[in-house]
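Chemist: This is the structure, below, for whatever I ask next.
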Amino acid sequence: MVVEKNMEKNKNYNKKLKKYFNLWSKIYQNKIDRLFNSFSYLKWALKQICTHLSIKKDSKVLELGCGGGNFLEKINAYFKGKGYYIGLDISKEQIKLAREKIQKDNIKFIQGNMIDLPFKNDSIDYIVSCSSLHHVANKKKLFCELHRVLKNNGKLVYCDFFLENNSEKYTKKVKKVRDKSKWSKKFSGDIQRAYNLMPEFLKKMHPTDYYIDPYKTKKILLLNGFKKCEIILSPDTRFAGISAQKLLNI
Ligand SMILES: C[S@@+](CC[C@H](N)C(=O)[O-])C[C@H]1O[C@@H](n2cnc3c(N)ncnc32)[C@H](O)[C@@H]1O
């Protein structure tokens with residue numbers, strides 16, 4: 001009974017999510033290239049993700065919740081066209097937009113749900129993502145699925161919004177990262193600015209997200225078989241990165 005209720009809740013949530021991001025694609029994505037350069041937290045995320053990857057000629061990289069494909073295009077440029085890239089998104093309109101905008105032989109886009117990936121076991125070298133995993137309610141199921149498709153030694157690296165962890169230990173660590181430079185202030189300001197730029201009707205439709213804090217995330221990753229899990233701190237407690245590896249036989 002509880003399981004059925006949760007399945008129904010998830011179905012409704014995904015319906016809402018698809019509708020929301022289909023609309024989002026029409027409003028936001030044509031401005032994102034221009035906006036990207038002024039959002040310091042997105043640039044930070046791209047840098048963190050790229051420095052945690054080491055793409056070879058035949059590496060397979062999967063981006064979860066790729067939206068209009070901007071991130072994947074930038075990762076491909078960072079690695080000078082090395083590797084194969086697959087962008088996956090639940091929204092049909094976002095995928096349509098990505099396919100229209102980015103036409104490269106080594107990049108393809110597919111519609112799908114990250115909780116139920118259309119890939120074989122042990123088939124992906126890297127899974128990356130930016131600002132998307134917080135939409136998934138069942139993190140345990142999600143990480144189990146990601147672990148399944150990753151090859152041994154494969155890596156998950158993503159940046160996302162998190163529930164703030166108010167523990168003293170965490171705040172102390174973030175304080176060390178948060179320096180007094182203008183950049184640190186801009187970082188936090190940009191997160192708010194991105195939200196403020198959202199049209200009012202979209203703000204009202206925004207699906208309730210499933211934020212959890214980075215330490216809880218780390219625990220779930222470890223419970224699902226991931227190893228070498230690292231929390232990448234940013235100057236703002238609401239935004240962080242996570243890197244974790246699939247390492248069998250250690
Ligand atoms: C905030 S957007 C981020 C888009 C892109 N990563 C970027 O930074 O421009 C979140 C994306 O995640 C996608 N998404 C949400 N839940 C998903 C799911 N369960 N499976 C696949 N994509 C999902 C949405 O459709 C949306 O395009």
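Only the coordinates and a few stated rules stand behind these numbers; no lab work does. Everything numeric in this text was worked out from a predicted model, so none of it was measured. All Cβ positions, glycine included, derive from the backbone under ideal geometry; neighbour counts span all protein chains shown.
Chemist: Exceeding 29 Å between C-alpha atoms, which entries from my cross-link table qualify? They are 82/139; 16/227; 43/246; 120/228.
Modeler: 82/139; 16/227
Chemist: A follow-up question, please. For the chain, with the dipole built from +1 on Lys and Arg beta-carbon atoms and -1 on Asp and Glu ones, taken about the Cα centre, which of 23, 124, 183 lies farthest toward the positive end?
Modeler: Farthest towards the positive pole: 183.
Chemist: At a Förster radius of 30 Å, what calculated FRET efficiency corresponds to the Cβ-Cβ distance of residue 153 and residue 110, to the nearest 0.05?
Modeler: Calculated transfer efficiency: 0.80.
Chemist: Around residue 55, under 10 Å between beta carbons, what's the net of Lys plus Arg minus Asp minus Glu among the other residues?
Modeler: Local charge sum for residue 55: +3.
Chemist: Kindly provide the helix-only [θ] at 222 nm of the chain, computed as the sum of -39,500 (n - 2.57) over DSSP H runs of four or more divided by all residues, to the nearest 500 deg cm²/dmol?
Modeler: Mean residue ellipticity at 222 nm (helix-derived): -14500 deg cm²/dmol.
Chemist: Using the beta-carbon distance between residue 43 and residue 96 and R0 = 35 Å, what value does 1/(1 + (r/R0)^6) give for FRET efficiency, to the nearest 0.05?
Modeler: Using R0 = 35 Å, I get an efficiency of 0.85.
Chemist: Just report the Cα centroid separation between the stretch 209-249 and the stretch 104-131, whole Å.
Modeler: Taking the Cα centre of the stretch 104-131 as reference, the centre of the stretch 209-249 is 19 Å away.
Chemist: Report relative contact order for the stretch 2-246 in percent, whole number only (criteria: Cα-Cα under 8 Å, sequence separation at least 6).
Modeler: That works out to 20 percent.
Chemist: What's the magnitude of the charge dipole for the chain around its Cα centre, counting Lys and Arg as +1 and Asp and Glu as -1 at the beta-carbon? Answer in Debye, nearest 20.
Modeler: The dipole of the chain has a size of about 420 debye.
Chemist: Same structure, new question: Order these by the 10 Å Cβ neighbour count, fewest first: 63, 100.
Modeler: Least crowded to most crowded, the residues run 100, 63.
Chemist: Work out how much length residue 168 to residue 227 would gain on full extension: take 0.36 nm times their residue separation and subtract the Cα-Cα distance, in nm to one decimal.
Modeler: 18.7 nm
Chemist: What three numbers, in Å, describe the spread of the alpha carbons of the chain along their principal axes, ordered from the longest?
Modeler: For the chain, the Cα extents along the three principal axes come out at 51, 46, 45 Å.
Chemist: Same structure again: Tell me, what HN-Hα J-couplings in whole Hz come from the Karplus equation 6.51 cos²θ - 1.76 cosθ + 1.60 at θ = phi - 60° for each residue of the stretch 62-79, using x for Gly and Pro?
Modeler: 10, 9, 8, x, 6, x, x, x, 4, 5, 4, 4, 6, 5, 4, 5, 4, 9
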